[in-house]
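Heads up: the structure comes next, in structure tokens.
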Amino acid sequence: MSKTFYIETFGCQMNVHDSEKVAGTLVAFGYRPVESPEEADLVLYNTCSIREKAAQKVFTRLNQFRKARTGGKIFGVLGCVGQQEGEKIFEAAPHVSLVVGSASYYRLPELLAQLERGERHVTGLSLDTDQTFDTEFTRRDNPFRAYITIIEGCDKHCAYCVVPFTRGPERSRTSQSVLGEARRLAEGGYTEIQLLGQNVNSYRDPSPARVSFAELLARVAEIPGIRRVRFTTSHPRDFTREIVEAIESHPKLCSHVHLPVQSGSSEVLRRMQREYSREQYLERIAWIRQSKRPISITTDIIVGFPGEREADFEQTLTLLDEVGYDSVFSFQYSPRPNTASLRLEDAVPEEEKGRRLRVLQERQKQIQLHRYEMFVGTVEEVLVEGRGGRESQWKGRTSHNIVLNFTVAEVQAGPVNLGDYWNVRITQAGPNSLVGEAVAGPVDSLGTPAAVAARPGPFSVLQ
Ligand code: SAH
Ligand code: SF4
Ligand code: F3S
């Protein structure tokens, strides 16, 4: 009987997609996926270290299985905590036999073979690499939306961040390899592609074709069968006008840019080593706002960075008003191992960080409600992803990446298929989502005919 594996994923979309690639590699190696760690011969945790709480979760999980090794299970720690802690994991959790960071996943077949030979401790921890983890064996969780990693690692030096230490140097895939994967996905029935990278717009084609990031976006959008293209995360420093122009001229490029600002104070940005000022950031926002098509902007913010005074925080609040974000991911500063900000003085007390976070989130809630109300009365196209919050509702995301719950009138009744695109008139706005009624659907051009025929059965119709 074949060996079984279970993989649990923490952290960002890069990790989610890495797990899909790891799972595919394991299947190609003869392993079979199972639904719980109890049933599995190989239990993997793909971990995140971005904030202290995220890293703690990993050790809580590992401790739950401390005594389970007697069952002959093999435990592995992948991802950013694995890379950060390295062999120390074997001491902290003696039942673990495998520790691999994302910069070594391309070595997985060889590392798995070592495990199978019964080696007690196997590691892949070198960060000295120019390799990316490209595999044809990806096992994607979603049958309609597919991630494609185009660039790995990070060469920036933000003072608070562990990523350069956990994911290694920046390395881009060739444009041919990215476009080849996108074409295969379109042929396989995927209609939405999301290009991924810690700084996706720092992409540099290593092939002689030297395709720029904006050009790559356009070329992916031109692939027959692909209906939506998203990309995340963009770094303000490397954000160009060409990216906005590409979105303007290619309707398939979604009307959304995630552009993390971190702080509205130029002084805090300097201390964070973000390499741009408030004014430079706002210049990029102006390019996006000048677009002929309205584009949603979302961001990440850290409150309570060392030395952040009340006046700095106020500037972050005024930035929220000035930009008008459609969504904000906000975090309290968390000191992380190896990072430069550990050496900075003037820590902000925990209660004060908590207060700033609450004030910021309350302010953004009002802004968001106001912005979502502007969609009422408009018609938005939605990719159906599942059942909505209420009975008889369906749910999906608009091109602006806003969650939309909608109903379908009796006259249009017929099956609503997951993966369909419907046109929906917006009738209500809440602070986190929209509500609407379908006006037309399913909208045509759901991929190439072969792709539609190849749609995975169990996912395609929800009763
Ligand atoms: N590469 C992206 C960010 C990736 S990490 C960029 O540069 O924008 C995702 C988010 O986590 C960051 O944008 C930041 O807001 C947050 N973050 C990173 N390190 C953090 C820390 N030490 N404490 C709190 N939040 C942090
Ligand atoms: Fe971290 Fe900065 Fe790199 Fe983003 S750009 S991953 S915040 S070091
Ligand atoms: Fe976390 Fe690593 Fe992603 S630290 S956010 S899993 S890059």
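Miscellaneous remarks
- Selection over the stretch 347-393 of residues that are in contact with a Leu (Cβ under 7 Å, 6 or more places away or on another chain) and acidic (Asp, Glu) gives a count of 2.
- The stretch 229-244 residues that are farther than 15 Å from Tyr276 by Cβ and touching a residue at least 40 places away in the same chain (Cβ under 8 Å), paired with ones that are surrounded by 22 or more Cβ atoms within 10 Å (Cβ to Cβ) and of a type in the set (Gly, Ala, Ser) (beta carbon under 7 Å, 6 or more apart): none
- In the set Tyr160, Tyr106, only one residue is within 16 Å of ligand 1 (Cβ to nearest atom) and farther than 16 Å from Val200 by Cα; that residue is Tyr160.
- Within the set Arg167, Arg139, the sole residue that is buried (at least 16 other Cβ atoms within 10 Å of the Cβ), closer than 30 Å to Pro260 by Cβ, within 16 Å of ligand 2 (Cβ to nearest atom) and touching a residue at least 24 places away in the same chain (Cβ under 8 Å) turns out to be Arg167.
- Residue list for the stretch 149-163, restricted to those being of a type in the set (A, V, I, L, M), within 13 Å of ligand 3 (Cβ to nearest atom) and under 19 Å from Phe331 (Cβ atoms): Val162, Val163
Conditions tested, residue by residue: (1) of a type in the set (A, V, I, L, M, F, W, C); (2) under 17 Å from Cys12 (Cα atoms); (3) within 15 Å of ligand 3 (Cβ to nearest atom).
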site: Ile74; (1), (2), (3): yes, no, no
site: Val77; (1), (2), (3): yes, yes, yes
site: Ile89; (1), (2), (3): yes, no, no
site: His95; (1), (2), (3): no, no, no
site: Leu98; (1), (2), (3): yes, no, no
site: Ala113; (1), (2), (3): yes, no, no
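- For the stretch 153-198, the set of residues classified as out of contact with any Cys (no Cβ under 6 Å at 6 or more places or on another chain) and polar (S, T, N, Q) consists of Ser172, Thr174, Ser175, Gln176, Ser177, Thr191, Gln194, listed by residue number.
- Boolean, Arg120 is away from ligand 1 (no atom under 14 Å from the Cβ), at pLDDT 95 or above, among the basic types (Lys, Arg) and over 20 Å from Thr9 (Cβ atoms): no
- Among the residues listed as Ser126, Ser102, Ser172, the single one being of a type in the set (Ser, Thr, Tyr), more than 16 Å from ligand 2 (Cβ to nearest atom) and at pLDDT 95 or above: Ser126
Conditions (1) part of a strand (DSSP E or B); (2) farther than 28 Å from Ser334 by Cα; (3) of a type in the set (Lys, Arg), marked per residue:
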position	(1), (2), (3)
Gln114	no, yes, no
Gly118	no, yes, no
Leu127	no, no, no
Ala146	yes, yes, no
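- The set of residues in the stretch 17-35 that are more than 21 Å from Glu110 (Cβ to Cβ) and within 16 Å of ligand 2 (Cβ to nearest atom) contains only His17.
- Candidates Val328, Val359, Val348, Val323 - the one that is in contact with an Asp or Glu (Cβ under 7 Å, 6 or more places away or on another chain) and assigned by TED's automatic domain parsing to the domain that holds Leu269: Val348
Residues checked against (1) of a type in the set (S, T, N, Q); (2) within 16 Å of ligand 1 (Cβ to nearest atom); (3) assigned to a strand (DSSP E or B):
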| position | (1), (2), (3) |
| --- | --- |
| Ser177 | yes, no, no |
| Glu181 | no, no, no |
| Gly189 | no, no, no |
| Ile193 | no, no, yes |
| Pro206 | no, no, no |
| Arg210 | no, no, no |
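- Gly197 vs. criteria of a type outside the set (Phe, Trp, Tyr), within 12 Å of ligand 3 (Cβ to nearest atom) and buried (at least 22 other Cβ atoms within 10 Å of the Cβ): yes
The values are calculated or read from the model by the stated rules, or taken from the named source; none is laboratory data. Because the structure is predicted, anything quoted here is derived from the model rather than measured. No Cβ is skipped: glycine too gets one built from the backbone with ideal geometry, and neighbour counts run over all protein chains shown.
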